[in-house]
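**Q** Quick one: the structure is below, questions incoming.
Every number in this text was worked out from the coordinates using simple rules, so none of it is lab data. Just so you know, these numbers come straight off a predicted model, no measurement behind them. Every residue, glycine as well, gets a Cβ built from its backbone with ideal geometry; the counts of neighbours run over all protein chains shown.
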Amino acid sequence: MKKKGFTLTELLGVIIILGLIALIIFPNVNKSIRNSKKKLYDRQVGLIEENARKWGVDHASMLPESGAYYLELTELIKGGYITGKEIKDPRDESTMNGCVVIGYNAVYSQYDYKYTEASCKETKPPENMDKSGAEVPTLSNGLIPIKWNGTTWIRADKNNEAGNNQWYDYNTGMWANAAAVAPDYRNVSVGTPIPEDKIDAYFVWIPRYEYDYVNIANYAGGTAETPGEIKVNFIKKDKTSPTANYLIHPAFNFGGQELAGIWVGKFETTGSASTPTIKPNVNSLRSQNVSTQFATAQKFSASGNSYGISTSADAHMMKNSEWGAVAYLSQSKYGKYGNSSYSGANKEVYINNNSNYVTGCSAGAPSSGNVSSCTNAYNVSPGGTGASTSGTIYGVYDMSGGAWEYVMGVYNSTIKNAGFSSLPASKYYDNYTSIDATTACNSGICYGHALSETSGWYSDYALFVVSGAPWFMRGGHYSGTTDAGVFCFNWSNGVAGSNISFRVVVLG
């Protein structure tokens, strides 16, 4: 009988059937292979994490009590905890070069070990080079970080990593500076120079701190001419209970709102009532009564303002307690007092003795007769920078001499000649219910306000408010010689004066 072969139709049918079977089987086979490799990878990760745990036990002193430690796999290999074979990725035979993140779990009081595929360099957040414990400056209000590069101000690295663009280190007197700039410079890259005509306002960050109010008695261990150190601890925003013998400075509570810090105008206010600025080397804004100054200061965060500052920043005229926060920090190890470039009487902030009220000028000494020229510009070291609260270019200027400065501090809510129809909300001013400085301070209102606690320091003039002259002025005048200074205070009725300016504060 003659044998017959497959017809072409039958052969095609078989091929189609085999193809359909392959379409069904192969994806399942591939999936099974992938799952198998994934299980091997998970075991590999578990092995790495387990050996990282052994490393952690042997190196417990290196692990932080908060934050995380980022462990390189090469460190495990070097210590003999794993081998090179154990970091081969079973999925594709590539070398695993991820990172083990070791973080403390407060709930279970133990460390967690988690492997991530990203390298430690990619995983680890930027390292802040400031080790003082100061709260990180809050820039959400529209300001940009700036740094002096020796010639001009540049945009700084907000992460404050090591390098040419680091912008603060309170241990070295490098206080954080920020600026409100023109729209075309708000988003420039790090390191970009910022022309002076593009800067509308300079601000300095005063981080939240507590101070030793017991040690401050009797000139903090010094004398009236050369008082001692005000002991300061930087603290975090969530710390609301002070250390024994310390008080959290009152400037960091604004109407019940706990603050990480405040942004203080670097210079006396400049510009005009309609378009205020905060700039060096120009005349300060004067001849306004207190109410007009208050309204002018609020323009910095008014709705639709030209500075790019958020309304939530709540720009306002400096309160007396906020002046005290800057003064006390200046007299701490983080301020000019702690700056080794100055000694003895020169630890006092140098006077601005310019009779034309030019901001940022310095006499180059704590006391000097007035002159019509600018003896030292603010960016000249040390003669000019000695007029800042840090003794460096990064501090606050014009707090000794220049113009007198009204602050929002008043006796018994007395308006007098300040121009208010009624006082603003209580969070915007400090109210002193006694004309006796000691009594007022013992009631708690004056602690930290640079009044009776520091009265007479550096022989600065000290005159407390009364009903007929209920408004505080601070800092002294360009002709004040030894009377002027950051601890100087005087009274006034709140009227406009050609020799009286003011300062702006923005919330952090």
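**Q** With the Cα gyration tensor of the range 102-248 giving a ≥ b ≥ c as the square roots of its eigenvalues, does the rule (a/c under 1.5 for rounded; else a/b larger than b/c for prolate; else oblate) give rounded, prolate or oblate? Please list the in-between numbers first.
**A** Numbers: a/c = 2.35, a/b = 1.09, b/c = 2.16.
Oblate, since a/c reaches 1.5 and b/c is not below a/b.
**Q** In whole Hz, with x marking every Gly and Pro, tabulate ³J(HN,Hα) for the range 262-268 from phi via Karplus 6.51 cos²θ - 1.76 cosθ + 1.60, θ = phi - 60°.
**A** For the range 262-268, the Karplus curve yields 9, 9, 10, x, 5, 10, 4 Hz.
**Q** Projected onto the charge dipole of the chain (+1 at Lys/Arg Cβ, -1 at Asp/Glu Cβ, origin at the Cα centre), which of W167, A377, G222 gives the Cα projection farthest towards the positive end?
**A** About the Cα centre, the residue reaching furthest to the positive side is W167.
**Q** If you take volume of the Cα convex hull per residue in Å³ from the coordinates, which of (i) 153; (ii) 228; (iii) 171 do you get?
**A** (ii)
**Q** Grab the other residues whose beta carbon is less than 12 angstrom from that of V101, score K and R as +1, D and E as -1, and report the net. Walk me through the numbers before you get to the answer.
**A** On the way: positive: K114, K124; negative: E49, E72, D112, E117, E122.
Local net charge: -3.
**Q** Set the bar at 32 Å for Cα to Cα. Now go through K237/K266; K78/K237; K231/K319 and name every pair that lies beyond it. Each step should come with its number before you reach the end.
**A** On the way: K237/K266 23 Å; K78/K237 41 Å; K231/K319 22 Å.
Violating the 32 Å limit, Cα to Cα: K78/K237.
**Q** Related question: Mind ranking 104-111, 186-193, 358-365 by how tightly packed they are, going by the mean number of other C-beta atoms within 10 angstrom, highest first? List each step's numbers first, then the result.
**A** Details: 104-111: 10.2, 186-193: 12.8, 358-365: 25.1.
With the highest mean Cβ count within 10 Å placed first, the list reads 358-365, 186-193, 104-111.
**Q** When a footprinting reagent is the concern and you count Cβ atoms within 10 Å, what order do S390, S284 take, fewest first? Before the final figure, lay out each step's value.
**A** Working: S390 24, S284 27.
Arranged by neighbour count, lowest to highest, S390, S284 become S390, S284.
**Q** Determine the calculated [θ] at 222 nm for the chain from helices alone, applying -39500 (n - 2.57) to every DSSP H run no shorter than 4 residues and normalising by the residue count; nearest 500 deg cm²/dmol.
**A** Details: 7 runs with 91 residues, N = 508.
Result for the chain, helices only: -5500 deg cm²/dmol.
**Q** Now, a different point. Going by a ≥ b ≥ c, the root eigenvalues of the Cα gyration tensor, does the range 390-433 fall in the rounded group (a/c under 1.5), the prolate group (a/b larger than b/c) or the oblate group?
**A** Working: a/c = 3.04, a/b = 2.31, b/c = 1.31.
In terms of gyration-tensor shape, prolate.
**Q** With θ set to phi - 60° and the Karplus curve 6.51 cos²θ - 1.76 cosθ + 1.60, what are the ³J(HN,Hα) couplings of the range 153-159 in order, to the nearest whole Hz, using x for Gly and Pro?
**A** Taking θ as phi minus 60°, the curve returns 7, 10, 6, 9, 8, 5, 6 Hz for the range 153-159.
**Q** Name the cysteines of the chain that stand alone by the Cβ rule: no other cysteine Cβ under 4.7 angstrom.
**A** Singleton cysteines: C488.
**Q** With the contact rule set at Cα under 8 Å and sequence spacing of 6 or more, what percent relative contact order holds for the chain?
**A** Values: 1182 pairs, mean separation 65.2, N = 508.
Reported relative contact order: 13 percent.
**Q** Nearest 20 debye, what's the magnitude of the dipole of the chain about its Cα centre given +1 on Lys and Arg Cβ and -1 on Asp and Glu Cβ? Before the final figure, lay out each step's value.
**A** Values: 41 positive and 42 negative charges, 423 e Å.
Dipole of the chain, to the nearest 20 debye: 2040 debye.
**Q** Also: May I ask you to sort C446, C99 by Cβ crowding, counting other Cβ atoms within 10 Å and putting the fewest first? Don't skip to the answer; put the middle values down first.
**A** Values: C446 25, C99 21.
With the fewest neighbours first, C446, C99 line up as C99, C446.
**Q** If you don't mind, another one. Calculate one ³J(HN,Hα) per residue across the range 336-344 by plugging θ = phi - 60° into the Karplus curve 6.51 cos²θ - 1.76 cosθ + 1.60, and present them in order as whole Hz with x for glycine and proline.
**A** Coupling constants for the range 336-344: 4, 4, x, 7, 5, 6, 10, 9, x Hz.
**Q** Could you please state, rounded to a whole Å, how far the C-alpha centre of the range 243-276 is from the C-alpha centre of the range 134-178?
**A** 18 Å
**Q** Okay, moving on. Which order do peptides 413-421, 347-355, 455-463 fall in by mean Cβ count within 10 Å, highest first? Provide the component values of the computation, followed by the final result.
**A** On the way: 413-421: 16.7, 347-355: 28.3, 455-463: 20.6.
Going by the mean number of other Cβ atoms within 10 Å, highest first, we get 347-355, 455-463, 413-421.
**Q** If you take every DSSP beta bridge fully contained in the range 194-301, what fraction is antiparallel? Give it as a percent rounded to 5.
**A** Values: 16 of 17 bridges.
Percentage antiparallel, nearest 5: 95.
**Q** Take each complete run of DSSP H in the chain, measure how far its Cα atoms stretch along the helix's own axis, and keep only those covering 24 Å or more with mean Kyte-Doolittle hydropathy at least -1.0; list them. Don't jump to the answer; show the numbers that get you there.
**A** Numbers: long enough: 8-58 (73 Å, 0.27).
TM-like helix candidates: 8-58.
**Q** Charges at C-beta only: +1 for Lys and Arg, -1 for Asp and Glu. How large is the resulting dipole of the range 63-142 about its Cα centre, in Debye rounded to 20?
**A** Details: 8 positive and 13 negative charges, 27 e Å.
For this selection, approximately 140 debye.
**Q** State the antiparallel share, in %, of DSSP beta bridges confined to the range 381-508, rounding to the nearest 5. Provide the component values of the computation, followed by the final result.
**A** Working: 7 of 13 bridges.
If I count the DSSP bridges inside the range 381-508, around 55 percent turn out antiparallel.
**Q** Could you work out the local net charge near C446, counting Lys and Arg as +1, Asp and Glu as -1, over the other residues with Cβ closer than 9 Å to its Cβ? Write down the numbers at each step before the final one.
**A** On the way: positive: none; negative: D430, E453.
That sum, taken over residues with Cβ under 9 Å, equals -2.
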